[in-house]
Amino acid sequence: MAGHIDGPLYYERMGRTGPVMAFVHPNPMDQSCWIFQMAHMSTWFRCIAIDIPGYGRSPKARDGLTMSDMAEGCWEAIETEFPKEPAILVGCSVGSAILPYMHHARPSKTKALIMCGTGYNPGKEFTGHRIKQYTDRGIGYRWDYTFEDLSPTFRQTPLAMYFADMFVERNAQADLDTIVRQFLALKAPDAADHYSSVKCPSIILSGSEDGIHKSAFALKEQIPNCAMRILHGAGHACQMEQPWLFDRYMIEFLKDHSLFPAGRQS
């Protein structure tokens with residue numbers, strides 16, 4: 001089992017045939033933030049969306065939790081359902097931060113990285129702010145935090161309220177201490193070649209209204225041959241705000257690298 005995690009991570013599946021595609025969610029959400037992609041991409045892929053420790057229905061984590069622990073936990077979920085199979089990895093925010101660790105843990109099994117809500121921030125100053133907010137305000141901070149992941153326009157929609165309410169309705173199953181430990185893990189410095197040693201095809205999908213959008217360009221330069229597409233008007237969790245465009249860019253990227261199932265074209 002993955003170190004410092006009290007049991008296997010929870011996940012949902014959708015799709016019966018095709019290659020494996022795994023989704024790793026952002027803070028403060030859970031695996032259900034991929035609802036549009038799971039419904040759509042399961043047309044061609046066997047999809048799995050994973051709850052990271054402290055969120056959704058996944059177990060707690062103990063002191064000493066690392067990014068590698070979370071990466072291993074995600075791989076264990078994938079390998080439970082799809083033993084010995086490679087996977088296309090898709091992440092948002094902290095999910096995107098976990099993906100390179102997953103790649104380094106299983107390079108031969110990582111077919112591609114698709115990242116959103118991400119950028120290059122080696123100092124990781126934002127982790128201190130999030131830890132303070134959770135420490136001061138408790139698990140209820142998730143509701144306000146959800147809107148921080150969204151663009152100003154989308155925040156005002158009933159759908160944004162629907163998502164925020166759904167996430168906090170699961171607060172009884174979430175764990176505040178684990179969430180803080182997750183940010184402490186994220187705060188730890190990455191290896192000097194953490195991004196430059198990524199060997200698989202990769203792409204960054206960045207919302208123009210994301211607060212870290214500008215740093216996405218710097219991250220693109222860190223990863224060899226990394227592609228990038230912009231979702232104009234979308235925020236941090238751009239897969240929720242513009243799923244039609246997010247999915248289109250994913251499919252185009254996969255076709256460019258011959259990773260879209262042959263004979264099952266969109």
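Values quoted throughout were computed directly from the atomic coordinates according to the rules given, and no laboratory measurement underlies them. Not measured: the values here are computed from a predicted model. Here Cβ is always computed from backbone atoms with ideal geometry, including for glycine, and neighbour counts include all displayed protein chains.
What is the Cα coordinate range of the stretch 31-77 on the first, second and third principal axes, sorted by size from largest, in whole angstrom?
Here the spans come out as 40, 17, 12 Å, largest first.
Can you tell me the order of 98-107, 58-67 when each peptide is scored by its average per-residue count of other Cβ atoms within 10 angstrom, highest first? Each step should come with its number before you reach the end.
Details: 98-107: 20.8, 58-67: 18.6.
With the highest mean Cβ count within 10 Å placed first, the list reads 98-107, 58-67.
Starting from the Kirkwood Rh over alpha-carbon pairs, what translational D in µm² s⁻¹ does the stretch 82-151 have by Stokes-Einstein at 25 °C and 0.890 mPa s?
Values: Rh = 14.2 Å.
This corresponds to a translational diffusion coefficient of 173 µm²/s.
For the stretch 102-113, in order, what is each residue's ³J(HN,Hα) by Karplus, 6.51 cos²θ - 1.76 cosθ + 1.60 with θ = phi - 60°, in whole Hz (x at glycine and Pro)?
With the stated coefficients, the stretch 102-113 comes to 5, 4, 5, 6, 9, x, 6, 9, 9, 7, 5, 10 Hz.
For the stretch 96-226, count the residues as N, evaluate 2.2 N^0.38 Å, and divide the Cα radius of gyration by that value, please.
Working: Rg = 16.2 Å, N = 131, 2.2 N^0.38 = 14.0 Å.
For the stretch 96-226, the normalised Cα radius of gyration comes out at 1.16.
Which order do the peptides 47-57, 248-258, 194-204 take when ranked by the mean count of other beta-carbon atoms within 10 Å per residue, highest first?
47-57, 194-204, 248-258
Just the C-alpha atoms of the stretch 151-193: what Rg/Rh do they give, with Rh taken as the Kirkwood radius? It would help to have the intermediate numbers written out before the result.
On the way: Rg = 15.6 Å, Rh = 13.1 Å.
Computed over Cα atoms, the ratio is 1.19.
Output needed: percent of Cα pairs per 10 Å distance bin for the stretch 169-266, bins running from 0 to the one holding the longest distance.
For the stretch 169-266, the pair-distance distribution reads 13, 29, 36, 19, 2.
Grab the other residues whose beta carbon is less than 12 angstrom from that of MET70, score K and R as +1, D and E as -1, and report the net.
Numbers: positive: ARG181; negative: ASP51, ASP69, GLU72, GLU76.
Cβ neighbours under 12 Å give a net charge of -3.
Could you state the number of Å between the C-alpha centres of the stretch 193-266 and the stretch 115-176?
21
State the percent of C-alpha pairs, over all pairs in the stretch 1-148, separated by a distance greater than 21 angstrom.
Working: 4539 of 10878 pairs.
Everything past 21 Å amounts to 42 percent.
As an exercise, identify the GluC sites (Glu not before Pro) in the stretch 42-126 lying in DSSP coil whose Cβ has no more than 11 other Cβ atoms within 10 Å.
Values: sites: GLU72, GLU76, GLU79, GLU81, GLU125; in loops: GLU125.
For GluC sites (Glu not before Pro) across the stretch 42-126 that sit outside H, G, I, E and B with at most 11 neighbouring Cβ atoms in 10 Å, the list reads GLU125.
Could you state, as a whole-number percent, how many of the C-alpha pairs of the stretch 23-110 are farther apart than 15 Å? Please report the intermediate quantities before stating the final value.
On the way: 2180 of 3828 pairs.
Percent of Cα pairs beyond 15 Å in the stretch 23-110: 57.
Please report the antiparallel percentage of DSSP beta bridges with both residues in the chain, rounded to the nearest 5.
Details: 5 of 30 bridges.
Here the share of antiparallel DSSP bridges comes out near 15 percent.
Among the listed pairs LYS60/LYS109; LYS84/LYS214; LYS187/LYS255, give every one whose C-alpha distance is greater than 31 Å. Write down the numbers at each step before the final one.
Working: LYS60/LYS109 27 Å; LYS84/LYS214 38 Å; LYS187/LYS255 35 Å.
Over 31 Å apart, Cα to Cα: LYS84/LYS214; LYS187/LYS255.
Give me the distance in nm between label points sitting 7 Å out from Cα along the Cα-to-Cβ direction at THR153 and ASN121, one decimal.
My value for the distance between the label points is 2.4 nm.
Computed over the Cα atoms, what is the radius of gyration of the chain divided by 2.2 N^0.38 Å, N being its residue count? If you can, show how the numbers build up before the last one.
Details: Rg = 16.9 Å, N = 266, 2.2 N^0.38 = 18.4 Å.
With N residues counted in the chain, Rg over 2.2 N^0.38 Å equals 0.92.
Restricting to bridges with both residues inside the stretch 8-51, how much of the DSSP beta-bridge set is antiparallel, in percent to the nearest 5? Let's see the in-between values first.
Details: 4 of 9 bridges.
Antiparallel: roughly 45 percent of the beta bridges in the stretch 8-51.
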